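To start, the structure under review is shown below, and the notes come after it.
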Amino acid sequence: MTHYQIAIIVGSLRKDSYNRNLATAIAKLAPVEFSCKQISIGDLPLYNQDDDATPADSVKRLKAEISAANGLLFVTPEYNRSIPGVLKNALDHASRPYGESAWSGKPAGILGVSIGSSGTAMAQQHLRNILAYLDVPTMGQPEAFLQLRDGMFDTNGGLGESSKKLLQNWVDHYASWVKKHCS
């Protein structure tokens, strides 16, 4: 059986982030042949092209973890109708220097949860634009723009019953997407 390593990139640094909770819960829905690992992005310096020749250890680690992954899962909040700066910083670091992108060709899925009624629709759209430029084939359907509501998570931080069916369907499609692009 083929084994798939999935790098999960959470676009929030907040300790009690809803999106971090979602990422943790989603990983538990993955098929047995999938291993999911959340990748740290909070320790990256701000991207500066002057540092391309001598990247920080945290940047080397990020690029190595992305390179080792078979697939990517982005779980991000929406800040001011776009992606958080920390996520954009990580995208920039792992795509540089030009021609040495760790992202290229890695199949991706995008999720996000927000207290707002549109979920993370604008952030996801902006992220799709960036990923298209970075040559990251991104699953188009099903989309999931999640609004945080009572019952989404249970008392242990797992998915509540009202969320499981929708998100299991999403994960099943994502797993097929990754397998299709890794064969």
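The values are calculated or read from the model by the stated rules, or taken from the named source; none is laboratory data. Just so it is clear, the model here is predicted, and its values are computed rather than measured. Neighbour counts run over all protein chains shown; Cβ positions are idealised from the backbone, glycine included.
Could you please find all residues in the stretch 12-31 being over 18 Å from Trp170 (Cα atoms), in contact with a Lys or Arg (Cβ under 8 Å, 6 or more places away or on another chain) and either part of a helix (DSSP H, G or I) or without any contact (Cβ under 8 Å) to a residue 40 or more places away in the chain (or both)?
Selection gives Arg14 alone.
Mind checking whether some residue in the stretch 174-182 is part of a helix (DSSP H, G or I), within 24 Å of Ile83 (Cα to Cα), at pLDDT 90 or above and out of contact with any strand residue (DSSP E or B) (no Cβ under 8 Å at 6 or more places or on another chain)?
Looking for residues that are part of a helix (DSSP H, G or I), within 24 Å of Ile83 (Cα to Cα), at pLDDT 90 or above and out of contact with any strand residue (DSSP E or B) (no Cβ under 8 Å at 6 or more places or on another chain), one finds none in the stretch 174-182, hence no.
Surrounded by fewer than 18 Cβ atoms within 10 Å (Cβ to Cβ), touching a residue at least 60 places away in the same chain (Cβ under 8 Å), outside any loop (DSSP other than H, G, I, E, B) and of a type outside the set (S, T, N, Q) - does that describe any residue in the stretch 61-68?
yes
If you go through the stretch 19-41 one residue at a time, do you hit one that is polar (S, T, N, Q), touching a strand residue (DSSP E or B) at 6+ places or on another chain (Cβ under 9 Å), buried (at least 18 other Cβ atoms within 10 Å of the Cβ) and within 19 Å of Gly85 (Cβ to Cβ)?
yes
State all residues of the stretch 132-173 that are among the polar types (S, T, N, Q) and either outside any helix (DSSP H, G or I) or crowded, with 19+ Cβ neighbours inside 10 Å (or both); if no residue qualifies, say none. Before you say what the answer is, go through the steps one by one.
Taking the stretch 132-173 and keeping what is among the polar types (S, T, N, Q), we get 138, 141, 147, 155-156, 162-163, 168-169.
Passing the criteria: Thr138, Gln141, Gln147, Thr155, Asn156, Ser163.
For the stretch 44-58, how many residues are under 23 Å from the mean Cα position of the chain (by Cα) and not in a loop (DSSP other than H, G, I, E, B)?
Counting residues in the stretch 44-58 that are under 23 Å from the mean Cα position of the chain (by Cα) and not in a loop (DSSP other than H, G, I, E, B) gives 2.
Among the residues of the stretch 89-110, are any within 14 Å of the chain's Cα centre (by Cα), among the small types (Gly, Ala, Ser) and within 25 Å of Leu159 (Cα to Cα)?
yes
Here are some conditions: (1) on the phi > 0 side of the Ramachandran plot; (2) in contact (Cβ under 8 Å) with a residue 60 or more places away in the chain. Gly119 meets all but one. Which one does it not meet?
Condition (2) is where Gly119 drops out.
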